[in-house]
Ligand SMILES: [Ca+2]
Ligand SMILES: [Ca+2]
């Protein structure tokens, strides 16, 4: 019941805030992973649903600064992006996790920041 269907996948929008790491773990406990946004259609759904609030997505450059990686192995370099203008800016040299924010645009922030999060999993058979 807590999951919402869109375009062949199911999404969970958290009711509480957590760090990126805790959010990642919570999605995994639910048999899912942090959302991987790989199309404008998916971006539009998430943008509509998150309404300018901050929600973690499964995108990080914590392994290597500037080398963004999707949590499910989706190739970042050849896939859709929707960064806010001027982002990612690695502000304070310490911003390695990404969330959606105003108008659903992406921003990098420090990973221990606490905000809502979106989990995603395939439609159960
Ligand atoms: Ca960074
Ligand atoms: Ca930033």
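State yes or no: is residue 119 within 18 Å of residue 5 (Cβ to Cβ), surrounded by 12 or more Cβ atoms within 10 Å (Cβ to Cβ), in contact with a helix residue (DSSP H, G or I) (Cβ under 6 Å, 6 or more places away or on another chain) and touching a residue at least 60 places away in the same chain (Cβ under 8 Å)?
So residue 119 passes the test.
Starting from region 31-44, keep only residues that are closer than 19 Å to residue 2 by Cβ, then list their pairs with residues that are in a loop (DSSP other than H, G, I, E, B) whose Cβ atoms are within a distance under 6 Å, requiring at least 6 positions of separation or different chains.
Cβ pairs passing all conditions: 33/71; 33/72; 34/71.
Among the residues of region 27-38, write down those that are more than 13 Å from the chain's Cα centre (by Cα) and either crowded, with 18+ Cβ neighbours inside 10 Å or not in a helix (DSSP H, G or I) (or both).
The answer is 30, 31.
Within region 69-85, is even one residue near ligand 1 (Cβ under 10 Å from one of its atoms), surrounded by 11 or more Cβ atoms within 10 Å (Cβ to Cβ) and under 15 Å from the mean Cα position of the chain (by Cα)?
No: zero hits.
Does residue 76 qualify as being assigned to a loop (DSSP other than H, G, I, E, B), closer than 18 Å to residue 36 by Cβ and modelled with pLDDT of 95 or more?
yes
Mind checking which residues of region 88-112 are within 14 Å of ligand 1 (Cβ to nearest atom), part of a loop (DSSP other than H, G, I, E, B) and surrounded by 17 or more Cβ atoms within 10 Å (Cβ to Cβ)?
88, 95, 96, 111
The values are calculated or read from the model by the stated rules, or taken from the named source; none is laboratory data. All of these numbers come straight from a predicted model, not from anything done at the bench. Every residue, glycine among them, receives a Cβ derived from its backbone with ideal geometry; neighbour counts consider all protein chains shown.
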